[in-house]
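Have a look at this one.
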Amino acid sequence: HWSLQGSLFRNMKPLQAQPDFVKACKLAPAPIRAQYEQDAAYIDDAQAEIRQKARACQPYDVFLCHKTTGEGGVKTEDFHRATQLYHFLKDQGMRVFFAPESLAAAAGANYEAGIYHALHTARTMLVVCSKAEYLSSPWVRSEWTRYLEQADRDPSRHLVPLLYDDPPASSLPPAFVSRQLEGVHMRGLNALDNLRSTLELHIPRTASD
């Protein structure tokens, strides 16, 4: 499942049209080539379904990226922090993608479409940063890596690390450090006000605001 999910999100161009895939099929023995083609057709169909479902969704202002569960399936402190942030930002009138709430009733292609759409429409990604191992976990890393790839192409998108427990720079991903991403320290009485001010710089206001 993880391998398929990575294929779905890394490149939405039909797999069967990609030069590397075509080359691999030419070099593969007939039985293996047939399996490649069958798998590629499945992935391409899934991609098309995801794009169709994603187009029906409204864009997001904020994508909340966090580590949900730790050892034994116990909810992490970051999950509880993200939950509080979700309700705070919603109260500020922002459309927030928070997977436990936004995808509560989704499954299969609907789940994949929800994540794909949120990653491709959110003006800002907030990454809850408390432990290096959380940031490097497969799911969390996949989300912020894909978002940074978009931000590198589109300067209107911004990734903002939320710094809890004063993590040293060495605990942040090299991709954050090399881009000199400006984080928001989330300890202190003014933390939420500072976060709101930061988001107001990044999220365009509409005429009705």
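Going by average Cβ neighbours within 10 Å, how do the peptides 130-141, 147-158 rank, with the highest at the top?
Going from most to least packed, we get 130-141, 147-158.
On the full set of protein chains, 1.4 Å probe, figure out the accessible area of THR68 and give it in Å² to the nearest 10.
That residue has around 40 Å² of solvent-accessible surface.
How much length is gained if the chain between ALA191 and GLN150 is pulled fully straight, taking 0.36 nm per residue apart and subtracting their Cα-Cα distance, in nm to one decimal?
Length gained between ALA191 and GLN150: 12.0 nm.
On to the next question. What FRET efficiency comes out for VAL177 versus SER137 if R0 is 22 angstrom and r is the Cβ-Cβ distance? Round to the nearest 0.05.
Efficiency computed from Cβ-Cβ geometry: 0.75.
Oh, and also: Sorting GLU200, GLU143 by accessible area (1.4 Å probe), largest first, what list results?
Sorted descending by solvent-accessible area, the residues read GLU200, GLU143.
Same structure again: Any idea how far apart LYS90 and LEU201 come out in nm if each label point goes 7 Å out from Cα toward Cβ?
Going by the 7 Å Cα→Cβ label model, 2.8 nm.
What full-extension length gain, to one decimal in nm, is calculated for GLU101 and ALA24 as 0.36 nm per residue of separation minus the Cα-Cα distance?
23.6 nm
Residue by residue through the stretch 23-32, what is 3J(HN,Hα) from phi via Karplus (6.51 cos²θ - 1.76 cosθ + 1.60, θ = phi - 60°)? Round to whole Hz and write x for glycine and proline.
Once rounded to whole Hz, the list reads 5, 4, 5, 5, 8, 7, x, 3, x, 5.
The values are calculated or read from the model by the stated rules, or taken from the named source; none is laboratory data. Note that the coordinates shown come from a computational prediction; the quantities given were computed from them, not determined experimentally. Please note: Cβ atoms are built from the backbone with ideal geometry, for glycine as well, and neighbour counts cover all protein chains shown. To get the accessible areas, we keep the full protein, side chains included, count just its heavy atoms, and leave off ligands, DNA and RNA. Shrake-Rupley method; radii C 1.70, N 1.55, O 1.52, S 1.80 Å.
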